[in-house]
Each structure stands twice: as structure tokens, then as C-alpha cells.
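The values are calculated or read from the model by the stated rules, or taken from the named source; none is laboratory data. Values in this document were obtained by computation on a predicted structure and should not be read as measured data. Backbone-built Cβ (ideal geometry, glycine too); neighbour counts: all protein chains shown. Please note that ligands, DNA and RNA were not included when accessible areas were found on the heavy atoms of the full protein model with its side chains. Shrake-Rupley method; radii C 1.70, N 1.55, O 1.52, S 1.80 Å.
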Amino acid sequence: MDMAHLVFIGDSLTEWFDWQERFPTQSVLNLGISGETVEEMLERRDSIHERAGTPDYVFLMTGINNVLSEQYHITAAYSEIIRNFTTWWKSTTVVVQSLLPVDMPWISNDLIRDINRRLAEISREHGAEYLDIYSRFVDNNGRPKKGVLSDDGVHLANKGYEEWAKTVEEYLGK
């Protein structure tokens with residue numbers, strides 16, 4: 001792939017990874033903010049638009065902070081973010097990435113799978129791509145694979161980041 005301008009937008013999962021190091025031949029902007037909810041990203045969408053310029057690809061992942069706070073109705077705000085991004089960036093590929101599984105006693109990964117199904121639908125409705133990373137993180141029983149999550153059950157271990165980055169790399173190479 002020729003030099004592309006990649007923008008990664010999300011919460012701590014996005015912020016805490018060195019995407020530029022992973023994609024050294026690309027121009028990478030990391031706009032992840034630790035602790036951010038879907039609604040907070042919606043609030044900063046104009047700032048994201050200004051800072052991002054005209055990217056070739058926008059990779060978006062948000063919502064797990066809502067889920068951890070038991071706020072499951074995120075699709076309306078998420079839909080508005082995607083609609084804005086696909087309207088602003090006509091020549092940009094907007095890639096909505098699935099939420100990742102968690103290992104928390106009060107959160108069912110069935111709930112996350114349901115949200116991901118809805119995110120895939122919203123992506124199609126607004127002309128965005130949907131990238132399923134979730135399925136790369138779970139075993140045949142639907143539980144997080146060993147070693148992908150850190151001890152807190154939400155953040156990623158190095159193995160998790162490697163799997164995520166590999167999925168993005170394969171997507172960009174297609």
C-alpha cells in the first residue's frame with residue numbers, strides 16, 4: 001500500500017497503542033481518549049474533523065466505557081458519529097470496528113455481540129465499512145482467548161494488540 005493517512009479514534013484501547021510504530025510506512029494520527037464514552041466522542045466530533053484533515057482511512061472503536069457503566073443504548077449516538085464522518089469525508093474509508101469482548105462478571109459478551117450486530121447494520125446504513133475484530137478475540141465457546149485481555153478484563157495485553165493490529169493490517173492489505 002502506498003503511504004496512506006490513517007486516523008484511529010476511540011477510547012483507552014485505541015489511545016494506549018502505538019499505531020504509528022505498527023504502521024511505520026503510513027501517516028498515523030491517534031485520537032484515542034482514555035475513558036471516553038460514545039456521547040463524549042459525539043461531543044468532540046468537530047474537533048476530530050478539524051484535527052484529522054482528509055484521511056484515507058478512519059478506524060473507529062468506541063462504546064466499551066458505556067457498556068462498563070451499564071449504558072447499553074449507544075447506537076443512536078454512534079449512528080450520528082458515523083453519519084457525520086461519512087458525510088464529511090466523502091473519499092475516506094470510515095471503518096467501524098466491533099467492540100471487543102470483556103471478562104467481567106456483570107457483563108455478558110452476548111450483549112456485546114448484540115451491540116456489534118447493530119453496529120454492522122448502522123455501518124451499512126451510512127456507507128461505512130464494518131470490521132469484526134471481536135471474533136478474533138474469542139474461542140469456540142465465545143469466551144475471550146487466553147492472553148488477549150489484561151488482568152482487568154477490559155484492556156488489552158500485548159497479544160490482544162497484536163491480534164487487533166494484524167486484523168487492521170489484513171484489512172488494509174485487501
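Go through (1) in contact with a Leu (Cβ under 8 Å, 6 or more places away or on another chain); (2) open to solvent by 70 Å² or more (accessible area, probe 1.4 Å); (3) closer than 22 Å to Tyr161 by Cα; (4) part of a helix (DSSP H, G or I) one by one and return the number of the condition Arg113 breaks.
Of (1) in contact with a Leu (Cβ under 8 Å, 6 or more places away or on another chain); (2) open to solvent by 70 Å² or more (accessible area, probe 1.4 Å); (3) closer than 22 Å to Tyr161 by Cα; (4) part of a helix (DSSP H, G or I), only one is false for Arg113: (1).
Residue by residue through region 98-109, note down the ones that are at pLDDT below 95 and open to solvent by 30 Å² or more (accessible area, probe 1.4 Å). First the steps, then the outcome.
First pass over region 98-109, keeping only residues at pLDDT below 95: 104-109.
Result: Met104, Pro105, Trp106, Ser108.
With respect to Phe59, determine if the residue is part of a helix (DSSP H, G or I), in contact with a strand residue (DSSP E or B) (Cβ under 6 Å, 6 or more places away or on another chain), open to solvent by less than 10 Å² (accessible area, probe 1.4 Å) and not polar (S, T, N, Q). It would help to see each step written out before you state the result.
Details: part of a helix (DSSP H, G or I): no; in contact with a strand residue (DSSP E or B) (Cβ under 6 Å, 6 or more places away or on another chain): yes; open to solvent by less than 10 Å² (accessible area, probe 1.4 Å): yes; not polar (S, T, N, Q): yes.
When the stated conditions are applied, Phe59 does not pass them.
So Gly147 passes all but one of these: (1) at pLDDT 95 or above; (2) in contact with a helix residue (DSSP H, G or I) (Cβ under 7 Å, 6 or more places away or on another chain); (3) under 21 Å from Val67 (Cα atoms); (4) not in a strand (DSSP E or B). Which condition number does it fail?
All conditions are met except number (3).
Return the residues of region 124-143 that are in contact with a helix residue (DSSP H, G or I) (Cβ under 8 Å, 6 or more places away or on another chain), under 29 Å from Pro24 (Cβ atoms) and not in a loop (DSSP other than H, G, I, E, B); say none if nothing qualifies. It would help to see each step written out before you state the result.
Step one: of region 124-143, the residues in contact with a helix residue (DSSP H, G or I) (Cβ under 8 Å, 6 or more places away or on another chain) are 125-134, 136-138, 142-143.
Restricting the remaining residues to those that are under 29 Å from Pro24 (Cβ atoms) gives 128-134, 136-137.
Correct list: Glu129, Tyr130, Leu131, Tyr134, Arg136, Phe137.
Does Val95 satisfy the condition of being open to solvent by less than 10 Å² (accessible area, probe 1.4 Å) and not in a helix (DSSP H, G or I)? Show your work before the answer.
Working: open to solvent by less than 10 Å² (accessible area, probe 1.4 Å): yes; not in a helix (DSSP H, G or I): yes.
So Val95 fits the description; yes.
Only residues that are closer than 15 Å to Leu100 by Cβ, open to solvent by 30 Å² or more (accessible area, probe 1.4 Å) and not polar (S, T, N, Q): list them for region 156-174, please. It would help to see each step written out before you state the result.
First, pick out the residues of region 156-174 that are closer than 15 Å to Leu100 by Cβ: 156-168.
Still in the running and open to solvent by 30 Å² or more (accessible area, probe 1.4 Å): 158-159, 162-163, 166.
Within region 156-174, Lys159, Glu162, Glu163, Lys166 qualify.
Are any residues in region 1-41 under 25 Å from Val67 (Cα atoms), free of Cβ contacts under 8 Å to residues at least 40 places away in the same chain and touching a Ser or Thr at 6+ places or on another chain (Cβ under 9 Å), and if so, which ones?
Glu15, Asn30, Leu31, Gly32, Ile33, Ser34, Gly35, Glu36, Thr37, Glu40
Kindly provide the set of residues from region 82-92 that are outside any helix (DSSP H, G or I), more than 21 Å from Glu170 (Cα to Cα) and open to solvent by 80 Å² or more (accessible area, probe 1.4 Å), ordered by number. Lay out the reasoning, then the answer.
From region 82-92, those outside any helix (DSSP H, G or I) are 89-92; that's our starting set.
Subsequent filtering for residues that are more than 21 Å from Glu170 (Cα to Cα) retains 89-90.
The one that is outside any helix (DSSP H, G or I), more than 21 Å from Glu170 (Cα to Cα) and open to solvent by 80 Å² or more (accessible area, probe 1.4 Å): Lys90.
Suppose we filter region 1-52 for residues that are among the polar types (S, T, N, Q), under 24 Å from Ala76 (Cβ atoms) and more than 16 Å from the chain's Cα centre (by Cα); how many remain? Outline the logic, then answer.
Taking region 1-52 first, the residues among the polar types (S, T, N, Q) are 12, 14, 20, 25-27, 30, 34, 37, 47.
When the remaining residues are screened for being under 24 Å from Ala76 (Cβ atoms), the result is 12, 14, 34, 37, 47.
When the remaining residues are screened for being more than 16 Å from the chain's Cα centre (by Cα), the result is 47.
Number of matching residues: 1.
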